[in-house]
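The values are calculated or read from the model by the stated rules, or taken from the named source; none is laboratory data. In this text, all values refer to a predicted model and were calculated from it rather than measured experimentally. Here the Cβ positions follow ideal geometry from the backbone for every residue, glycine too, while neighbour counts run over all protein chains shown.
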Amino acid sequence: MTDWKFFKSNKAVLTVCSVLIIVLFIGVFLENSALISVSKLAVIPAFVGLYFIRRSYMPNFFFLILLCLFFAELFNTFSSNHGLLNLSRAFNLTGFVLLLSILMSKLKSIKFEGVVTVYLLVVFIINGYFVYSLFDSVKGEITNNLDMVYFLGKGGLSLFLGLISFAVYLSRETTRSIIFLVMTLAFLFSDVLNFICNYYLYYSGFEFVGGVLKIAALFFLMRYIYTHRSTNVRQKKEQSVLLNRSANSGEIKMQIN
């Protein structure tokens, strides 16, 4: 529970989230693309700044993920330029591939047994059918082959990421697995709403909720990074204590002999 102390009690986090959501709401309500872009672009720099208030170091791998997601959002603001839009999508896909690689290392520890296997299979079929139905309803609106490739790639990555994170949660049920699962679901539903607004039916409420979910997803990503650092420190302390105990017990045995 100590891992949650900073993000639960620090008023700066709540203030930043509130300001970003308010700016997003005003931008959507006024149909002001500049305010919407500012609210989305400011999320990662604001959260990273708050992170470094309490931490002096962030693993390079996580910093690379945040960098990819930030550049994806940055270049997406120039969506009228197809070259920059494609660059944004490339950064977005790279960020999700890196997120997926975090879970790939945990696959060996997942036990696919009995009810868990059936449950995961049912979840995969339902989500797969949902993605297919969504794609089937809007494929006529997608005339660009690159758009098609991006949708299929992002949809497949999001679906697989959600499935694996859910499997890790079922097999471990730790704080970090819950955080990662919630983050994945927030990203997934944010992308779905964004896709609906872009290719099916634009509704300001969908854009606002999608933006809020994106902020929530990035918040939980920062929480995951924060707990990752805390977990490593705690594990090192526990290993140090165990080594000291074993060394002390060895010395006692030698003295007895």
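Kindly indicate whether any position in the range 198-205 is over 10 Å from the mean Cα position of the chain (by Cα) and surrounded by 18 or more Cβ atoms within 10 Å (Cβ to Cβ).
yes
Looking only at the range 18-68, how many residues end up being under 28 Å from Leu85 (Cβ atoms), buried (at least 17 other Cβ atoms within 10 Å of the Cβ) and in contact (Cβ under 8 Å) with a residue 60 or more places away in the chain?
14
Every residue in the range 79-102 that is modelled with pLDDT under 85 and either within 17 Å of Leu170 (Cα to Cα) or not in a helix (DSSP H, G or I) (or both), please.
Hits for the range 79-102 are Ser79, Ser80, Asn81.
Taking Leu218, is it modelled with pLDDT under 90, crowded, with 19+ Cβ neighbours inside 10 Å, at negative phi and not basic (Lys, Arg)?
Judged against the criteria, Leu218 is not a match.
Scan (1) at pLDDT 75 or above; (2) over 21 Å from the mean Cα position of the chain (by Cα); (3) surrounded by 12 or more Cβ atoms within 10 Å (Cβ to Cβ) for the single condition Ser137 breaks and write down its number.
Result: Ser137 fails condition (1) only.
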